[in-house]
Amino acid sequence: MVSLCVLCLIVLACFLGPFGFPFTGEDADFDAIGAPIDFTSPHPFGTDEFGRDLLVRVLEGGQVSLTIGFLGALVAGGIGVVYGAVAGYAGGRLDSLMMRVVEVLYGFPYVILVILLSLLLGGGNVALFAAIVFTLWLTPAVIVRAHAQSLAKREFIEAARAGGMTHRQIVLEHIVPNCAGVVIVYGSLLVPEVILSESFLSFLGIGIKEPQASWGNLIQAGTSEMETDLRLLLLPGGLLAAVLFCLNFIADGLRDAFDPNDR
Amino acid sequence: MTLLQTRNLDVGYRIAGSGLLSRPRHLAIVHNVNLSLAAGRTLGIVGESGCGKSTLGRALLRLIAPTAGQVLWDGADMAAMSAQTLRRRRSDLQIIFQDPVAALDPRMTLGRILSRPLVTFEPGLSRANRAARAAEALHQVGLSADFAARYPHELSGGQAQRIGIARALIGKPRLIVCDEPVSALDVSIQAQVVNLLMDLQDSMGLALVFISHNLSVVRHISHEVMVMCLGRVVEHAPRDAFYARPLHPYSRALMQAVPEPDPARERSRAGQSLPGELPSALNPPAGCVFASRCPGVQPRCRTERPELRSFGTRHAACHFIEA
Amino acid sequence: MTANLLEVRDLSVSFRLAGAEMTAVDGVSFDVRPGEVLGIVGESGSGKSQILFSLMGLLAANGTARGQAMFQGQNLLALAPRALDRVRGVSLSMIFQDPMTSLNPYKRVGDQLAEGLRVHKGMTRAVARAAAVRMLDRVRIPDAAIRAGRYPHEFSGGMRQRVMIAMSLLVRPALLLADEPTTALDVTIQAQVLDLLADLGREIGTAIILVTHDLGVVARLCDRVIVLYGGRIMEEGPADPLFTDPRHPYARGLLQATPRLTDPPTRRLNTIAGTPRSGGATLPGCPFAPRCPSRISVCDTTRPALTETGPQRRVACHLVGGP
């Protein structure tokens, strides 16, 4: 519960916060380059070496990272659920085929796949997003498939067939909703995974490019300045860590709420 | 008026072969079943596990496709129906299951579970009409209308089975296949559910196929009885004649084995249990299916499979029956 | 008169569920004499299995057992785990309902059997193995020596249950607890297993407490019967008089609701109205009152005491007086 509140606060701050400042994260304030943390100044957390306000940059970076995170998890989860539900319910040859595809994709080294896809789709942020999602739907698909397989054998599915439902209707109305619990729990773990992916890629220099901020590239910049100016690293890093903590606790809570054993 | 008929019905499964390219094996579950059922009548199908009775029940509804033979509904071959026609026709042919709670989608309210089939069977109905039909079905099975808002996990076994029956009734069926419907229920609830089925049969002229391993329950509800062993019919007779004097040794063994709440009778039967076990369906024997356990087995039984012969209104598959 | 093997006094079992206390067994007292077979019969929610679990120390983590169970001079309910281990598997054994999950799938059957002997009786591997094979033979597993080297999944349900019986009787316990041992088995296999239990029990001199919902099974095997409802004893007595002349309305209703092959085939079965009570808060009066056809006003307010109504017969009902 607490995690939910903290997370909401962070999200709100990231999206609404920058409006509270008279400048954006890209405005360079040449009068205050490399300013230290000083809560009384117009730059409460100081500025970076270009004079851009750090707090605003971090908040704007949060917008990017969080959007990619939640949206990515949603899309990857969605694709995974449908894919897994169909494979698990169908069984037999179709299931084997679908799972072989998954296994082949698993075999590709992650970074290489992302770079390739990103280039194929024309570079840029949308391409990056698509590439990350493309590598991330595999695990939800496998998890949902296992669940769907056991569901497909249950009598209520047979009853649905006896009620004249088509296979498509059964998958959409019975299988997918009963996999929801599994997916939601896993989904809340997907969000940190996406954010970390993006951060990692940005850290490598392949992700979000400057001057646009994201937590990933902010952390990357901060790391290179680590010896001289720790706060460049601490602020984005700290927020990222906080979000990840919150999501993990939320995932735990969701798992308990959806656990069928408690029924 | 015959509603359902089968001719030389065979049902089997393909088991995946081991390895990616190996040929799948064929597992025959039901062999050569011939039956016919009229409105308002109950056929009891009895047998132990592995006899194929559940598979037969599903094949009757075409939930499983037969590997040979025909299933005729109202005189029409079900194999000749298009998928669309078959789906619509399912309102006439329904099924209730052994595990009543597992037969209900845990994420749906009972009202929705009951009204969903109507979306397929009578697509023109409005939501309000469907809800009214659901309430009517609840009433028919003796449950109050407020059950519509509940979820399956809130139900007892007996209540869940009533919901299963209500769902089967919603499309105004003419035949219901009951697959061990009371085996998972307490004795006092079994009696309630069996009575309910019989009441519904009387009021709606329903035909019932009652699959069970419990000979005593089958006796109350059935008009005729069919005994199956390893996928084959070994005896088929009108109810009273069957229970008065079962012809086939397996039928007799089944009746002997049913424990009754009568200590004197039970004591007199102690130690008379039939030894051995039936072979598995993967390895069917060459001769009579019951040869490995039959007290009256002869050499001929192991090599030559007995055909189902008629003895008046009765049929039995044994070489050594005197009428 | 020989001393009692087991004396249970005021056994109560309750579970903590979502903050509330749910009573499963409510003040049950009974004795078991050496070598006798006692049947505890009840429907779901009656608490019958929990009685066995509490004696064996197998209650779930959120369950507590109160009261006394004196066995060989010790109170089973108060024993520390170490001390209980010295009793379990040595003089107190248990067999369970589901033969599929009661055996370790990763160990060979012979090894599992021998384990008990080696751990509790300190036999060497060779001696224990030989004893195990002899026991498998005794429970009529064909080709016992070869089968001892096989894994559980290679056995059928009936055979696995016989292996379980072999395991539990191998150590020659004074008392065997059997929780619905034949419920999951086919009826002809059930008859075999019951006969086996009766024979072996007599041969070794083991007393058996058999928990079941099947009155026929009780009639077949048990010397004395306890009828349980809502966690309390409704009636208790020797099998013959109890079955022919049940005094408690619930016992009567249960016997009437059980269909028999020897019944005249009336169309409707006798029922008990309502649903079996399962746990929950303790009622002030008789737990069966809500469903009892003979209920009077005092039944709702005061618990009927278990009173002697004849030689070894006790009934808990306001309408049944003394001897």
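The values are calculated or read from the model by the stated rules, or taken from the named source; none is laboratory data. Worth saying up front: this structure is predicted, and the values here are computed from it rather than measured. Cβ sites come from the backbone with ideal geometry, for glycine too, and all protein chains shown count toward neighbours.
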Scanning segment C:187-220 residue by residue, those touching a residue at least 60 places away in the same chain (Cβ under 8 Å) and more than 8 Å from chain B (Cβ to nearest Cβ) turn out to be C:LEU200, C:GLY201, C:ARG202, C:GLY205, C:THR206, C:ALA207, C:ILE208, C:ILE209, C:LEU210, C:VAL211, C:THR212
Would you please name the residue that is surrounded by the fewest Cβ atoms within 10 Å (Cβ to Cβ), looking only at residues in segment C:138-161 that are of a type in the set (D, E, K, R) and away from chain B (no Cβ under 14 Å)? C:ARG150
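Of B:ASP186, B:ASP199, which residue is within 12 Å of chain C (Cβ to nearest Cβ), modelled with pLDDT under 95, in contact with an Asp or Glu (Cβ under 6 Å, 6 or more places away or on another chain) and surrounded by fewer than 24 Cβ atoms within 10 Å (Cβ to Cβ)? Before the answer, list the steps.
Values: B:ASP199 fails: in contact with an Asp or Glu (Cβ under 6 Å, 6 or more places away or on another chain).
The conditions single out B:ASP186.
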Checking the condition touching a Leu at 6+ places or on another chain (Cβ under 7 Å), surrounded by 21 or more Cβ atoms within 10 Å (Cβ to Cβ) and at pLDDT below 90, which residue from C:GLY39, C:GLY47 passes? C:GLY47
Counted residues, segment C:271-283 - those being among the aliphatic types (A, V, I, L, M) and either within 14 Å of another protein chain (Cβ to nearest Cβ) or closer than 19 Å to C:LEU242 by Cβ (or both): 2
Can you pull out the residues in segment B:282-321 that are in contact with an Asp or Glu (Cβ under 6 Å, 6 or more places away or on another chain) and not hydrophobic (A, V, I, L, M, F, W, C)? B:GLY287
Being farther than 28 Å from C:TYR229 by Cβ and among the aliphatic types (A, V, I, L, M) narrows it down to one residue among C:LEU58, C:LEU103, C:LEU77; which is it? C:LEU103
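Could you check segment B:66-92 and list, in sequence order, the residues that are without any contact (Cβ under 8 Å) to a residue 60 or more places away in the chain and in contact with a strand residue (DSSP E or B) (Cβ under 8 Å, 6 or more places away or on another chain)? Steps first, please.
Taking segment B:66-92 and keeping what is without any contact (Cβ under 8 Å) to a residue 60 or more places away in the chain, we get B:66-67, B:76-89.
B:PRO66, B:THR67, B:ASP77, B:MET78, B:ALA79, B:ARG89, listed by residue number.
Yes or no, residue by residue, for (1) of a type in the set (Ser, Thr, Tyr); (2) away from every other protein chain (no Cβ under 12 Å); (3) crowded, with 17+ Cβ neighbours inside 10 Å:
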| site | (1), (2), (3) |
| --- | --- |
| C:ALA251 | no, no, yes |
| C:LEU254 | no, no, yes |
| C:LEU269 | no, no, yes |
| C:GLY285 | no, yes, yes |
| C:ARG291 | no, no, yes |
| C:LEU306 | no, yes, yes |
| C:GLN312 | no, yes, no |
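Can you confirm whether segment B:7-25 contains a residue that is in a loop (DSSP other than H, G, I, E, B), under 30 Å from B:ALA257 (Cα atoms) and either within 14 Å of chain C (Cβ to nearest Cβ) or without any contact (Cβ under 8 Å) to a residue 24 or more places away in the chain (or both)?
no
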Tell me, yes or no, whether segment B:134-157 has at least one residue that is within 10 Å of chain A (Cβ to nearest Cβ) and of a type in the set (S, T, N, Q). no
Which of the residues spanning segment A:181-199 are within 18 Å of A:LEU239 (Cα to Cα) and either free of Cβ contacts under 8 Å to residues at least 60 places away in the same chain or hydroxyl-bearing (Ser, Thr, Tyr) (or both)? A:SER188, A:LEU196, A:SER197, A:SER199
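For segment C:81-171, give me every one of the helices (runs of 4 or more DSSP H) that falls completely inside it and has 1 or more residues that are more than 25 Å from C:ALA207 (Cβ to Cβ).
On the way: elements: C:81-87, C:109-121, C:125-138, C:144-147, C:157-170.
Result: C:109-121, C:125-138, C:144-147, C:157-170.
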Within the set of pairs 6 or more residues apart or between chains, which connect a residue that is without any contact (Cβ under 8 Å) to a residue 24 or more places away in the chain inside segment B:112-124 to a residue that is charged (D, E, K, R) and in a helix (DSSP H, G or I) with Cβ atoms less than 9 Å apart? B:ARG116/A:GLU173; B:ARG116/B:ARG130; B:ARG116/B:ARG167; B:VAL119/B:ARG130
Scan segment B:89-124 for residues that are among the β-branched types (Val, Ile, Thr), more than 17 Å from A:ILE170 (Cβ to Cβ) and within 10 Å of another protein chain (Cβ to nearest Cβ) and jot them down. B:ILE96, B:VAL101
Within segment A:163-180, is even one residue away from chain B (no Cβ under 14 Å), out of contact with any Ser or Thr (no Cβ under 7 Å at 6 or more places or on another chain) and without any contact (Cβ under 8 Å) to a residue 12 or more places away in the chain? no
Suppose we filter B:ARG269, B:ARG239, B:ARG265, B:ARG245 for residues that are within 24 Å of B:SER310 (Cα to Cα) and either buried (at least 16 other Cβ atoms within 10 Å of the Cβ) or facing another protein chain (nearest Cβ under 10 Å) (or both); which single one remains? B:ARG239
